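Visitor: Submitted below is the structure of interest, expressed as structure tokens.
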Amino acid sequence: MQVLKRDGRAVDFDKSKIVTAIQKANTEVRKKERATKEDIDSIIEYIIAQNKRRMLVEDIQDIIEEKLMECEKYELAKKYIVYRYTRALIRKSNTTDESILGLIRNENKELAEENSNKNTVIASTQRDYIAGEVSRDLTRRMLLPEKITKANEDGILHFHDADYFVQPIFNCCLINIGDMLDNGTVMNGKLIENPKSFQVACTVTTQIIAAVASNQYGGQSVDLKHLGKYLDISRKKFKKEITEKYKDKLKEDVIDGIVEDRVRAELSAGVQTIQYQINTLMTTNGQSPFVTLFLHLEEDDEYIEENAMIIEEVLKQRYEGIKNEKGVYVTPAFPKLVYVLDECNCLKGGKYDYLTKLAVKCSSKRMYPDYISAKKMKENYEGNVFSPMGCRSFLAPWKDENGNYKFEGRFNQGVVSINLPQIGIVADGNEEKFWKLFDERLEICKEALMCRHNALLGTSADVSPIHWRYGAISRLEKGEKIDKLLYGGYSSISLGYIGIYELTKLMTGESHTTQKGHDFAIRVMKHLEDTVIKWRKETNIGFALYGTPAESLCYKFARIDKEKYGIIKDVTDKGYYTNSYHVDVREKIDAFEKLKFESEFQRLSKGGAISYVEIPNMQNNPQALEEVVKFIYDNIQYAEFNTKSDYCQVCGYDGEIKINDNNEWECPQCGNKDHAKMNVVRRTCGYLGENFWNNGKTKEIKSRVLHL
């Protein structure tokens, strides 16, 4: 017989544990109240006589209580019952007090480092974190099955965003901004009608973004192609006004020139509105909206020229940056920019190549935009090109009742990630053991994901009217349930994964960049893909495989496994695991080879994936970036640039930072000596959190996020 533990593990039945437990209780009661050896043997024989292949540990404990009562060992039974109750209380005890007080005192470093976009000192952000700590506690003690909570604590999996799980809200989405602008929307009970100019359309767009961001916990994306129509409306309005005023006084070409000047001025003001509103607004999540702007020119778009102008202005303003409190231009964290490479702008003589050259120039200084290849994306998504939700989660193709593909107005229900290296550690090179354990842990992940799905079932559209009733996702009726949007693949729900590289090293002794390692890694990826496809068919829910956004999870899993299993070369000795399928940062591989290699893994991770390449000295090497961009178009769906450079967050200085005579890092421009406000040696992904001294062996400071 096997016993099912509270954490979901199945272990062999061991009668000695019952003997030990009852004998321990015996020592706490009077002699005449103690169970004899015969009493204990009788209880064990009764349990075995149930002749079950599996029993829950709670059922065995219930039998022990009943049999002690039948033996009239009431005092002993009471001790046993109290002991069980006490253990249950401990398991479900409230643990938020110290974490919340530590947050208020600014002593909770774990929270401070968790999200670089949130400042835990600010009162409004603290409110969100306090609510998050309460949500985590309720999730751990009451809302999740104990086996899922235990799996999360043991690093078997990670249940993302537990700090929001107490509410029926979801992860990320593609805002249906076209519908909301064209058909109006409602915010705070007020009707927002169809804009009559580009400037107003930009203002309304930022209001929508802020409202949407405040009612979900993940990122949201906006396709800027919908604004081209409104720039054209402004142009026609200016033309009419100026023509009526000056038709008898000015020539047509002069009037056209004045119109273009007015259009350009409105274009600049509108884009500036978007940039400054997004960076100055604070959502109820305690941060700026985590929004991505999708920059895509479509050949058949009647407003393609207007949209080219908008993209150009967005890139120009991002290149310039935004002034910080000291009046220095710095790189804003938001909005994220995703630029699409297509036939018309892939640096092969297309009409809009000038935009791509500007995008590359912007990337060289500001790290953004990221790049999507329309060519490769069409191969992976049935000929479609669409924005990620936030910055890297992708939807599967879905058609409406008229057979038309639809992406905007869809969303992600949530994410659970699996720790692949830990499976490899436990399997210890035994493939048979690995695949068996792999499937067992995938089933736990599925159960955790179903908890996410079930938490949203029955949610009323009134919970977030901006999403469900007024167009961001749908236009449901008042009081209508959102359930139909949770099935049929309309929304996705994501299985993330960490550490293909480390798992491959553990199981093959080689990196997945070698032939032997590659073959094993691809088998693992295909098994993950096949598993989510199987789940999709079983449940009619849009399960997807997701190259996880694992900024802190890479460290959490590695820390847990190092504590449990010790230092393992190329695995736990680094202090981090490699995100999803990525090549380890220490591998000797050039940018082109890396992108080509990882493209195969992106095809198997259709629920989301992004690759990066590190280009040294980007600002002085634009030609190299252009060559990489050309390569991206032909070889990989989604990629970003990182660079090695020193960076001062106080003044925006972007050059070499050296140690002064007092052994302190000191910015040569502003004199900043606070290493927590510098990114020295490696700057990746725009991470602006605290930096850490490396092992104390050198005076080098490295960003906590090394290689996303």
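Visitor: Being assigned to a strand (DSSP E or B) and either open to solvent by 40 Å² or more (accessible area, probe 1.4 Å) or in contact (Cβ under 8 Å) with a residue 24 or more places away in the chain (or both): is that true of residue 417 here?
Guide: yes
Visitor: Only one of these is touching a residue at least 60 places away in the same chain (Cβ under 8 Å) and either assigned to a loop (DSSP other than H, G, I, E, B) or of a type in the set (A, V, I, L, M, F, W, C) (or both): 292, 283. Name it.
Guide: Step by step, each of 292, 283 is checked, and only 283 is touching a residue at least 60 places away in the same chain (Cβ under 8 Å) and either assigned to a loop (DSSP other than H, G, I, E, B) or of a type in the set (A, V, I, L, M, F, W, C) (or both).
Visitor: Is at least one residue of the range 163-170 farther than 28 Å from residue 406 by Cα, in a helix (DSSP H, G or I) and open to solvent by 70 Å² or more (accessible area, probe 1.4 Å)?
Guide: No.
Visitor: Moving on. For residue 301, which of the numbered conditions (1) exposed (fewer than 15 other Cβ atoms within 10 Å of the Cβ); (2) farther than 23 Å from residue 624 by Cβ fails to hold?
Guide: Against the list (1) exposed (fewer than 15 other Cβ atoms within 10 Å of the Cβ); (2) farther than 23 Å from residue 624 by Cβ, residue 301 comes up short only on (1).
Visitor: Moving on to the next point. Identify, by number, the condition in (1) at pLDDT 95 or above; (2) within 16 Å of residue 221 (Cβ to Cβ); (3) touching a Ser or Thr at 6+ places or on another chain (Cβ under 9 Å) that residue 289 doesn't meet.
Guide: (1)
Visitor: Residues being open to solvent by 10 Å² or more (accessible area, probe 1.4 Å) and of a type in the set (A, V, I, L, M): count how many of those fall in the range 611-640.
Guide: 2
Visitor: Report the residue count in the range 420-432 for those that are outside any loop (DSSP other than H, G, I, E, B), open to solvent by 10 Å² or more (accessible area, probe 1.4 Å) and not hydrophobic (A, V, I, L, M, F, W, C).
Guide: 2
Visitor: Still on this structure, I have one more. Could you please give the count of residues in the range 577-613 that are over 17 Å from the mean Cα position of the chain (by Cα) and over 22 Å from residue 412 (Cβ atoms)?
Guide: Of the residues in that region, 19 qualify.
Visitor: Out of all the residues in the range 266-279, which are modelled with pLDDT of 95 or more and open to solvent by 60 Å² or more (accessible area, probe 1.4 Å)?
Guide: The one that is modelled with pLDDT of 95 or more and open to solvent by 60 Å² or more (accessible area, probe 1.4 Å): 272.
Visitor: Just for the range 319-360: of the residues that are in a helix (DSSP H, G or I), open to solvent by 10 Å² or more (accessible area, probe 1.4 Å) and in contact with a helix residue (DSSP H, G or I) (Cβ under 6 Å, 6 or more places away or on another chain), which one is nearest to residue 672 (Cα to Cα)?
Guide: Taking the candidates together, the pick is 319.
Visitor: Scan (1) within 30 Å of residue 151 (Cα to Cα); (2) at pLDDT below 90; (3) part of a helix (DSSP H, G or I) for the single condition residue 47 breaks and write down its number.
Guide: The single condition residue 47 does not satisfy is (2).
Visitor: Right, here's the next one. Kindly check whether there is at least one residue in the range 180-200 that is surrounded by 17 or more Cβ atoms within 10 Å (Cβ to Cβ), touching a strand residue (DSSP E or B) at 6+ places or on another chain (Cβ under 9 Å) and within 26 Å of residue 494 (Cα to Cα).
Guide: No, that holds for no residue.
Visitor: Then there's this: Given the criteria touching a Leu at 6+ places or on another chain (Cβ under 6 Å), without any contact (Cβ under 8 Å) to a residue 24 or more places away in the chain and either open to solvent by 10 Å² or more (accessible area, probe 1.4 Å) or β-branched (Val, Ile, Thr) (or both), does residue 400 qualify?
Guide: Considered against the rule, which asks whether it is touching a Leu at 6+ places or on another chain (Cβ under 6 Å), without any contact (Cβ under 8 Å) to a residue 24 or more places away in the chain and either open to solvent by 10 Å² or more (accessible area, probe 1.4 Å) or β-branched (Val, Ile, Thr) (or both), residue 400 comes out as no.
Visitor: Follow-up. In this structure, does residue 232 turn out to be among the charged types (D, E, K, R), out of contact with any Ser or Thr (no Cβ under 8 Å at 6 or more places or on another chain), in contact (Cβ under 8 Å) with a residue 60 or more places away in the chain and farther than 13 Å from residue 310 by Cβ?
Guide: no
Visitor: On the basis of being of a type outside the set (A, V, I, L, M, F, W, C), modelled with pLDDT of 80 or more and open to solvent by 20 Å² or more (accessible area, probe 1.4 Å), does residue 661 make the cut?
Guide: no
Visitor: Another question, then. Just a yes or no: is a residue in the range 379-396 open to solvent by less than 10 Å² (accessible area, probe 1.4 Å) and over 30 Å from residue 162 (Cα atoms)?
Guide: yes
Visitor: Output yes when any residue across the range 236-251 is in a helix (DSSP H, G or I) and crowded, with 23+ Cβ neighbours inside 10 Å, and no when none is.
Guide: For the range 236-251, residues in a helix (DSSP H, G or I) and crowded, with 23+ Cβ neighbours inside 10 Å: absent.
Visitor: Moving on to the next point. For residue 456, are the conditions met, namely being among the hydrophobic types (A, V, I, L, M, F, W, C), in contact with a strand residue (DSSP E or B) (Cβ under 8 Å, 6 or more places away or on another chain) and closer than 20 Å to residue 152 by Cα?
Guide: Criteria not met by residue 456.
Visitor: Just name the residue that is farthest from residue 423 (Cα to Cα) out of those in the range 575-590 that are open to solvent by 40 Å² or more (accessible area, probe 1.4 Å) and touching a residue at least 60 places away in the same chain (Cβ under 8 Å).
Guide: Ranking the candidates gives 589 first.
Visitor: Name the residues in the range 361-378 that are polar (S, T, N, Q) and either in contact with a Ser or Thr (Cβ under 9 Å, 6 or more places away or on another chain) or not in a helix (DSSP H, G or I) (or both), would you?
Guide: Within the range 361-378, 364, 373 qualify.
The values are calculated or read from the model by the stated rules, or taken from the named source; none is laboratory data. For clarity, every value in this text was computed on a predicted model and none was experimentally measured. Backbone-built Cβ (ideal geometry, glycine too); neighbour counts: all protein chains shown. Surface accessibility is based on the protein's heavy atoms, side chains included, excluding ligands, DNA and RNA. Shrake-Rupley method; radii C 1.70, N 1.55, O 1.52, S 1.80 Å.
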